[in-house]
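Everything below concerns the one structure shown next.
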Amino acid sequence: MNVTQNVPLQSFNSFGIVAKAHSLVHIRSEEDALAAQQDLVNCPEGYCVLGGGSNIVLTGDVKPRVLKIEIEGKRLVRENEKAWILEAGAGENWHDFVTWTLSQGWPGLENMALIPGSVGATPVQNIGAYGVELQDRFDSLDALDLVTGQVFTLNAAQCAFGYRDSVFKHASSGPNGIGLGGRALILRVRFHLPKAWRPVLGYLDLERKMTETGIANPSAQQIYDWVCEIRRHKLPDPKVLGNAGSFFKNPTVTPEQCADIIARDPKVVHYPMPDGSIKLAAGWLIDACGWKGKSVGNAAVYEKQALVLVNRGGATGGEVVTLAKAIQTSVYERFGIRLEPEPVVI
Ligand code: EPU
């Protein structure tokens, strides 16, 4: 096992924040993961798991040992008359995996094209875009328990998926003690793609594409191309302008709270949810508070999408966090809503 010291992390986090890992281990296989787990006893400073680095804000050098997941491999595990079951190593790039599935003739992941990050991070966040969430295409995953050294398998129910949420985001000391946060190292993820493919087109941006092009029955490849176009137009490319995608979750409110906001701000973007609650567009709330283009030091609110914070070059994690807190305060003061950040602050 190869532990390296003082490793620059700028290219390992999509915000492009400059920081170092005091020590870092590259995990390229299950054997590497097991060896790293055994060695944690020699590591009193603790550890943290790093995937594609697209959902973190680094606020300084990282003292806990960084376990950098680079497990590769993708394959068709099995198929029956109803579905294809695919598997990918946690270190595979998510978008490359989506592209590969389509090139093999296995549709189903196209709405989630171009989401930054690695395959192993997708269940943690329960990533989602344009009407499809990971949980809709999830089969199971294998993970290593970093406390016990056991490898275990979880199905969708055991992952306890919610909106940008899963068992991996909750500490094991939580109210029901079932969380796996900071404890599970995801090795491989399996996906269930039904052969009876149906396009998911209910999202406004996709409906617009259908009207513009006159294509009423798009193929999976066509949807993939549209999603890539929409995302490239709206969201900054992390290679050009560092960012972590949406910085806050879209908040949910009661119908009464929503009616109260509509009475004051009739244009508030809101979506009724199946459980009777109402989801509000956090981007709209931030935009309405006048944040687009504003900055703290070199951290700024993206001009085209207020939900995305960007690194204009040389931003520190502290600047990103200060900007995020100022946004939270102003949204709270105007709308009485507390925005919850998506990325993990390290
Ligand atoms: N809006 C504004 N001003 C803004 C930004 C948005 O008025 O500055 C309005 C838009 O006009 C639109 C609404 O807010 O009516 C929603 O915006 P958008 O369609 O861009 O989607 P979103 O709710 O901001 C979510 C996900 C994205 C995902 C898109 C598409 C969350 C936190 N974000 O964004 O996911 O790509 O929907 O499905 O749920 C991510 O999580 O990192 C991410 C990019």
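The numbers here are math on the coordinates, done by the rules we state, and not lab data. As the structure is a computational prediction, the values presented were derived from the model and not from experiment. Here the Cβ is made from the backbone with ideal geometry for all residues, glycine too, and neighbour counts use every protein chain on show.
Quick look at the values:
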{"quantity": "Candidates L146, L154, L50: whichever shows maximal mean-square fluctuation once the chain is modelled as a Gaussian network with Cα springs under 10 Å", "calculated": "L154"}
{"quantity": "Overall Cα dimensions of segment 1-109 - principal axes, largest extent first, Å", "calculated": "51, 31, 17"}
{"quantity": "Modelled FRET efficiency - R0 45 Å, E45 with D142, Cβ distances, 0.05 increments", "calculated": "0.95"}
{"quantity": "Axial C-alpha extent at least 18 Å, average Kyte-Doolittle at least -0.5 - helices from the chain (DSSP)", "calculated": "317-335"}
{"quantity": "GNM result for the chain, Cα springs below 10 Å: residue of M273, M210, M112 fluctuating most strongly", "calculated": "M273"}
{"quantity": "Student exercise, segment 170-238 dipole from Lys, Arg, Asp, Glu Cβ charges, in Debye to nearest 20", "calculated": "360"}
{"quantity": "Rounded D (µm²/s) - segment 242-345, Kirkwood Rh over Cα pairs, Stokes-Einstein at 25 °C, 0.890 mPa s", "calculated": "175"}
{"quantity": "Rg over Rh [alpha-carbon atoms, Kirkwood Rh] for segment 185-270", "calculated": "1.06"}
{"quantity": "Listed residue (L206, V25, N111) projecting farthest to the positive dipole end of the chain, Cβ model", "calculated": "L206"}
{"quantity": "D (Stokes-Einstein, µm²/s), Kirkwood Cα radius, segment 155-221, 0.692 mPa s at 37 °C", "calculated": "212"}
{"quantity": "Kirkwood-based Rg to Rh ratio, segment 82-192, C-alpha trace", "calculated": "0.97"}
{"quantity": "5 angstrom amide H check on L235, placed H, neighbours 5+ away", "calculated": "none"}
{"quantity": "Per-residue Cβ neighbour rank within 10 angstrom, fewest leading, T153, T122", "calculated": "T153, T122"}
{"quantity": "Set of lysines with alpha-carbon distance to K195 below 30 Å, sequence-local pairs under 8 removed", "calculated": "K74, K82, K209"}
{"quantity": "Long-range amide H partners of R188 with built H, under 5 Å", "calculated": "A90, D142"}
{"quantity": "Chain lengthening between E207 and R312 when straightened (0.36 nm per residue, less Cα-Cα)", "calculated": "34.5 nm"}
{"quantity": "Among V41, S54, Q5 - extreme Cα towards positive end, dipole of segment 3-69, charges at beta-carbon", "calculated": "S54"}
{"quantity": "Value in Å of the Kirkwood radius, where segment 126-186 supplies the Cα pairs that are averaged", "calculated": "12.1"}
{"quantity": "Magnitude of the charge dipole, the chain, Cβ model with Lys/Arg +1 and Asp/Glu -1, debye to 20", "calculated": "560"}
{"quantity": "Sequence-distant aspartates and glutamates (8 or more away, or on other chains) whose Cα lies within less than 12 Å of K20", "calculated": "D61"}
{"quantity": "Area projected by the alpha carbon convex hull of the chain, averaged over all directions, nm²", "calculated": "18.2"}
{"quantity": "For the chain, built as a Gaussian network whose Cα springs stay under 10 Å, the top-fluctuating residue of Y302, Y271, Y47", "calculated": "Y271"}
{"quantity": "Rounded FRET efficiency, nearest 0.05, which uses the C-beta distance separating A263 from R75 and R0 of 51 Å", "calculated": "0.40"}
{"quantity": "Reachable aspartates and glutamates from K267, criterion Cα separation under 13 angstrom, eight or more residues apart if same chain", "calculated": "D287"}
